[in-house]
Amino acid sequence: MLAGCGSSSGTSTSSSSDGRAALVAAANRICRQESRRLSRYPIRKTAEIVSNGPKQIAAEQAAEAQLTALKPPAGLRADWHVLLTGLDQATADYRRLVADVRSHDYRGAQKTSSAGHAAVLRAHAAAARNGINDCSKI
């Protein structure tokens, strides 16, 4: 729901265009896999935040760990940092959202959701700037 992006090893990429292409391909693959996992746990109503939210968070954390293992070439490092910190913040906000809904704090949930959405938008923009299109859709 809020975020992240699925399978690669600790791929190390160089600063060459091949390194950039390898990072983009690996990140897109990870995000496609995450998107498939997230689609198994839809959230269409508030009650599903409590039941499916933790499953989505687990999928996001797995994808985030795989993305973190990738080493961006020098030209992508700044945006890569924005992408990863945005995803990390969105996942943390999602955990808070689940807790807010569990405790029936819907005003808090609304604030948390807005903050998480802003983090996701920053991450998506960084991904899209670099052709990591599958990560800019999640």
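For the chain, with only Lys/Arg (+1) and Asp/Glu (-1) charged at the beta-carbon, what is the dipole magnitude about the Cα centre, in debye rounded to 20?
260 debye
Given the rule -39500 (n - 2.57) for each run of at least 4 DSSP H residues, summed and divided by the residues of the chain, what is its mean residue ellipticity at 222 nm, to the nearest 500 deg cm²/dmol?
Value at 222 nm, helices only: -25000 deg cm²/dmol.
What number comes out for the charge environment of H81, summing +1 per Lys or Arg and -1 per Asp or Glu over other residues with Cβ under 14 Å away?
+1
Just the number please: accessible area per residue for the chain, 1.4 Å probe, all protein chains included, in Å².
49 Å²
Within 9 Å, Cβ to Cβ, of A62, how many net charges do the neighbouring residues add up to if Lys/Arg are +1 and Asp/Glu are -1?
-2
How many percent of the accessible area of the stretch 25-88 is carbon or sulfur, using a 1.4 Å probe? Could the numbers behind the result be given before it?
Details: 1650 of 3080 Å².
That fraction is 54 percent.
Output the Cα-based Rg and Dmax of the chain in Å, rounding Rg to one decimal and Dmax to a whole number.
My reading of the Cα-based Rg and Dmax gives 15.1, 51 Å.
Alpha carbons only, please: Rg and Dmax for the stretch 35-77, in angstrom.
For the stretch 35-77, the Cα radius of gyration and maximum Cα-Cα distance read 14.1, 44 Å.
Return the FRET efficiency for the residue pair S114, R40: r is the Cβ-Cβ distance, R0 is 35 Å, and the value is rounded to the nearest 0.05.
Rounded to the nearest 0.05, the efficiency is 0.85.
Residue by residue through the stretch 33-43, which ³J(HN,Hα) values in whole Hz follow from phi under the Karplus form 6.51 cos²θ - 1.76 cosθ + 1.60 (θ = phi - 60°), with glycine and proline marked x?
My calculation for the stretch 33-43 gives 5, 5, 4, 5, 5, 5, 5, 6, 10, x, 10 Hz in order.
Could you order H124, H104, H117 so the one with the most accessible surface comes first? Probe is 1.4 Å.
Listed by decreasing accessible area, they come as H104, H117, H124.
The values are calculated or read from the model by the stated rules, or taken from the named source; none is laboratory data. Please read all numbers here as calculations on a predicted model, not as lab measurements. Using ideal geometry, Cβ is built from the backbone for each residue, glycine included, and neighbour counts are taken over all protein chains shown. Keep in mind that these areas ignore ligands, DNA and RNA; they rest on the heavy atoms of the full protein, side chains included. Shrake-Rupley method; radii C 1.70, N 1.55, O 1.52, S 1.80 Å.
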